[in-house]
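Chemist: Dropping the structure in here first, questions after.
A short reminder: the numbers here are calculations on the coordinates, not readings from a lab. Every value quoted in this text rests on a predicted model; they were computed, and no experiment measured them. Note that each Cβ is placed from the backbone with ideal geometry, even for glycine, and that neighbours are counted across all protein chains shown.
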C-alpha cells in the first residue's frame with residue numbers, strides 16, 4: 001500500500017520560569033486535580049512545572065515523561081480555577097493506520113464531545129464540538145474544532161480543538177483559548193432591525209476587482225460588503241461597533257503587482273528587449289531618476305543592482321542603491337515605487353504634493369483614503385473604487401523628506417456600470433444567501449481583556465460577492481461537498497457506498513447507479529480518491545495522478561470501456577502496493593477453478609478478504625464489474 005507517513009503533531013508546551021508576582025498558593029491543589037482528572041500514575045520518571053501570569057490569571061504548566069525506548073510524555077496546562085487550557089499525550093507508535101476508520105463520523109462526534117466535557121466538566125454545555133465533516137483515511141487521529149457558547153451564542157475569541165485516537169477514542173490533544181469569566185449581554189435587537197441597521201450604516205459597495213488571465217489585467221465589477229472586517233452592528237443598540245485588537249496588524253502590501261514578478265533578464269536579453277519593445281535603456285533610466293529632484297538621489301550614487309522584469313505585461317526596471325530602491329516603468333520612466341533609507345536630501349514637501357508630482361495626470365483619478373500615518377489615496381474609475389489601485393506616500397514629519405512612495409495603477413478598459421442593480425438589491429441577495437446572526441466578541445488586547453463581552457451581528461463568512469449586472473450570488477467559500485445518492489436506499493452495497501462517500505470517495509451526482517457496469521474512468525476516479533490523495537473535478541488531473549502512482553499506464557487508457565473483475569484487481573493491486581508480489585509466478589494456489597491468468601492478483605485479494613467467488617467456486621474473471629461491487633472491493637481494501 002502506498003502509504004503517506006502520518007506526521008504526529010505534538011503540542012510543544014511553553015515552559016517559562018516562574019513569573020514574579022504569580023500566585024502559586026493553590027499549586028498543589030491544581031496539581032492534584034490534574035493528576036486525578038487524567039489518572040496520572042507514578043510510572044513517569046521525569047516531572048517539570050512552571051507558573052506564569054496571563055490576563056490576570058495564574059497558569060500552571062505540568063510535564064511528565066519517561067526515559068528509554070518506550071517513550072511517553074504528557075503535558076497539561078491549567079489555570080487557577082481548574083480550567084484545562086492544553087493537554088497533550090504522546091506514546092511512541094510507528095504504525096501508519098491507513099484506511100477506513102473503526103467508527104462512524106457520528107460516533108467520533110459523540111466521543112469528541114464526551115472528551116471535551118471530561119477535560120473541563122465545569123464548562124459542560126458551553127464548550128461544543130463543531131460538526132466533524134472530514135475523517136482522513138491517513139493517520140491515527142481524528143480532529144475536531146471546539147467553540148464556546150454562552151446563552152446560545154458563540155464567543156468568537158474563545159475556541160480550540162481536540163484530537164482523539166481513531167481506534168480507541170482516547171484523548172491525544174486538547175487546546176482551548178478561554179481567558180476569564182465575562183459579563184454577557186442578553187438583550188438584543190431582532191434580526192430584521194439588525195439588517196436595516198447594516199443597510200443604513202454600510203450596505204453594499206460597488207468596486208472594480210482586477211483579475212489576471214493570460215498575463216492580462218481584466219477589471220471586473222462586483223458588489224461587496226460595505227463594512228470593513230472589523231466593523232459590526234452592535235446587537236444591543238443597533239449602532240456601529242468597531243474592534244481592532246492590538247495584536248492584529250493591518251498592513252498595506254505595496255504594489256498590486258508585487259506577487260506577479262517574473263524572472264529577471266540577463267544583460268544581453270535586456271538590450272534585445274529594450275530594442276524590440278521600445279523601452280528606455282538601463283543607462284537612460286539610471287540617469288532620469290537622478291534628475292527627479294524630489295527623490296533626493298545624489299548624482300554620484302551608484303547602483304549595486306539593476307534588473308528588468310516583466311510585471312503583468314509591463315516591463316519595469318528595479319534599481320538598488322546603497323540607501324535607495326526604486327522601480328520605474330521601462331517605457332515611460334514613471335516612478336512606480338521608491339524607498340529612501342538615508343534620511344537625507346534637500347527637497348522637502350508635503351505628502352500630497354509628492355503624490356501629485358510623481359503620479360502626474362494619474363493623480364486626478366485618486367482620492368484621499370487615509371492620512372493618519374501614511375498618506376494613502378484610492379483610485380476611482382466611473383465613480384467606482386478600483387481595489388488594489390492605490391498611492392501611498394510617507395514623509396519624514398520633521399524634515400519633509402520623501403521616504404516612501406508607491407503607486408499601483410491598472411491600465412485596462414473598465415466595463416460600464418450604468419445598468420447595474422442597486423446596492424439595496426445586492427444586499428437583499430446577500431441576506432438571502434448568507435447567514436447573518438449574533439456572536440459575542442471578547443475584547444482582547446496585548447495586555448488585557450475587557451470585563452464585558454460585546455454582542456454583535458456578523459456574517460457567517462464574507463468570502464462572496466454579487467454580480468452587479470444579473471444579481472448572481474457568487475460564494476468563494478469552498479465548503480466540503482457532501483456526496484449523497486438517491487438510488488441506494490435498499491441496495492446491498494448501501495453501507496459501503498455511503499462510507500466511501502463520507503471520506504470524499506465517490507461522484508458529485510445525485511445517482512450512483514449501483515447496478516450499472518463501471519467504466520474505467522469511474523473506477524480510476526474511485527481508486528485515486530481512495531489511495532492517491534483525492535480525485536479532481538477535471539478527470540485529466542485524476543488520470544495524471546493515477547499514472548504518477550503507477551495505477552494505470554497511458555497505453556491502457558480507455559475511459560468509457562467497462563472494467564472486468566480481473567482489471568479491477570490489477571488496478572487495485574497497483575494502488576495498494578501488492579502488484580510486485582502478484583506478478584510472481586508458480587507460487588500461487590488459486591481457490592477458483594476458472595482463473596488461469598493474473599493468478600497472483602486474484603490470490604492476494606482473496607487472501608486479504610477483499611474478494612469472494614460465486615456459489616459454484618468461480619471468480620468469473622472476464623465478467624464486467626458493477627459500480628456497487630467496485631465500491632465493495634475498494635471498501636474491503638481500505639478496511640484491511
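Chemist: When a footprinting reagent is the concern and you count Cβ atoms within 10 Å, what order do 147, 630 take, fewest first?
Modeler: Taking fewest neighbouring Cβ atoms as first place, the list is 147, 630.
Chemist: For the stretch 257-336, what is the Kirkwood estimate of the hydrodynamic radius, computed as the reciprocal of the mean inverse distance between distinct Cα atoms, to one decimal in Å?
Modeler: Computed over Cα pairs of the stretch 257-336, the Kirkwood hydrodynamic radius comes out at 12.8 Å.
Chemist: Relative to the present Cα-Cα distance, how much length would full extension add between residue 557 and residue 538 at 0.36 nm per residue of separation?
Modeler: Net length gain for the segment: 5.3 nm.
Chemist: Would you work out the relative contact order for the stretch 494-638, in percent, from Cα pairs under 8 angstrom that are 6 or more residues apart?
Modeler: Once divided by the residue count of the stretch 494-638, the mean separation gives 31 percent.
Chemist: Counting each DSSP H run of 4 or more residues in the chain as -39500 (n - 2.57), what helix-only mean residue ellipticity at 222 nm follows after dividing by all residues, to the nearest 500 deg cm²/dmol?
Modeler: Taken over the chain, the calculation gives -6500 deg cm²/dmol.
Chemist: Also, I was wondering about something else. At 20 °C and a viscosity of 1.002 mPa s, what translational diffusion coefficient does Stokes-Einstein give for the stretch 310-414, taking Rh as the Kirkwood radius over Cα pairs? Give it in µm²/s as a whole number. Write down the numbers at each step before the final one.
Modeler: Values: Rh = 14.5 Å.
For the chosen part, D equals 148 µm²/s.
Chemist: Another question, then. Suppose we take every Cα in the stretch 354-500 and form the convex hull; what volume per residue is that in Å³?
Modeler: Value for the stretch 354-500: 270 Å³ per residue.
Chemist: Sort out for me the Cα centre separation of the stretch 191-239 from the stretch 448-465, rounded to whole Å.
Modeler: What the calculation gives is 15 Å, centre to centre.
Chemist: Using only the Cα atoms, what convex hull volume per residue in Å³ does the stretch 423-576 have?
Modeler: Taking the convex hull of the Cα positions in the stretch 423-576, it is 234 Å³ per residue.
Chemist: Sticking with this one: Given an 8 Å cut-off on Cα distances and at least 6 residues of separation, report the relative contact order of the chain as a percent.
Modeler: Answer for the chain is 10 percent.
Chemist: Hey, fewest Cβ within 10 Å first, where do 523, 592 land in order?
Modeler: Least crowded to most crowded, the residues run 592, 523.
Chemist: Using the 2.2 N^0.38 Å rule of thumb for compact globular proteins, work out how the stretch 84-190 stacks up: its C-alpha Rg over that value, please.
Modeler: For the stretch 84-190, the normalised Cα radius of gyration is 1.19.
Chemist: What is the distance in Å between the Cα centres of the stretch 428-447 and the stretch 292-348?
Modeler: The stretch 428-447 and the stretch 292-348 have Cα centres spaced 44 Å from each other.
Chemist: Please list, by residue number, everything in the stretch 62-85 whose backbone N is under 15 Å from a paramagnetic label point 7 Å out along Cα→Cβ of residue 45.
Modeler: Once the point is set 7 Å along Cα→Cβ of residue 45, 64-74 turn out to lie under 15 Å by backbone N, inside the stretch 62-85.
Chemist: Please give the helix 627-638 orientation as an angle from the longest Cα principal axis of the chain, in degrees from 0 to 90, rounded to the nearest 10.
Modeler: 90
Chemist: With a ≥ b ≥ c the root eigenvalues of the C-alpha gyration tensor of the stretch 494-638, is it rounded (a/c under 1.5), prolate (a/b larger than b/c) or oblate? Working shown, then result.
Modeler: Details: a/c = 1.78, a/b = 1.38, b/c = 1.29.
Prolate, because a/c is 1.5 or more and a/b exceeds b/c.
Chemist: While we're looking at this one, here's another question. To test your reading of the geometry: what angle, between 0 and 90 degrees and rounded to tens, separates the Cα axis of helix 539-548 from the longest principal axis of the chain?
Modeler: 70
Chemist: For the stretch 81-216, what is the relative contact order in percent, using Cα pairs closer than 8 Å and at least 6 residues apart in sequence? Show your work: numbers first, answer last.
Modeler: Details: 174 pairs, mean separation 30.7, N = 136.
Answer for the stretch 81-216 is 23 percent.
Chemist: Now for a separate question. Kindly state, to the nearest 0.05, the FRET efficiency for residue 325 paired with residue 472, given R0 = 56 Å and r defined as their beta-carbon distance.
Modeler: 0.85
Chemist: Fewest to most neighbouring Cβ within 10 Å: what's the order for 271, 593? Spell out each step's value before the answer.
Modeler: Values: 271 15, 593 11.
Exposure proxy ranking, most exposed first: 593, 271.
Chemist: Any chance you could give the angle, 0 to 90 degrees and rounded to 10, that helix 565-576 forms with the longest Cα principal axis of the chain?
Modeler: So the helix axis and the longest Cα principal axis differ by about 60 degrees.
Chemist: Bin width 10 Å, origin at 0, all Cα-Cα pairs of the chain: what percent of pairs per bin?
Modeler: 3, 11, 15, 16, 19, 19, 12, 4, 1, 0
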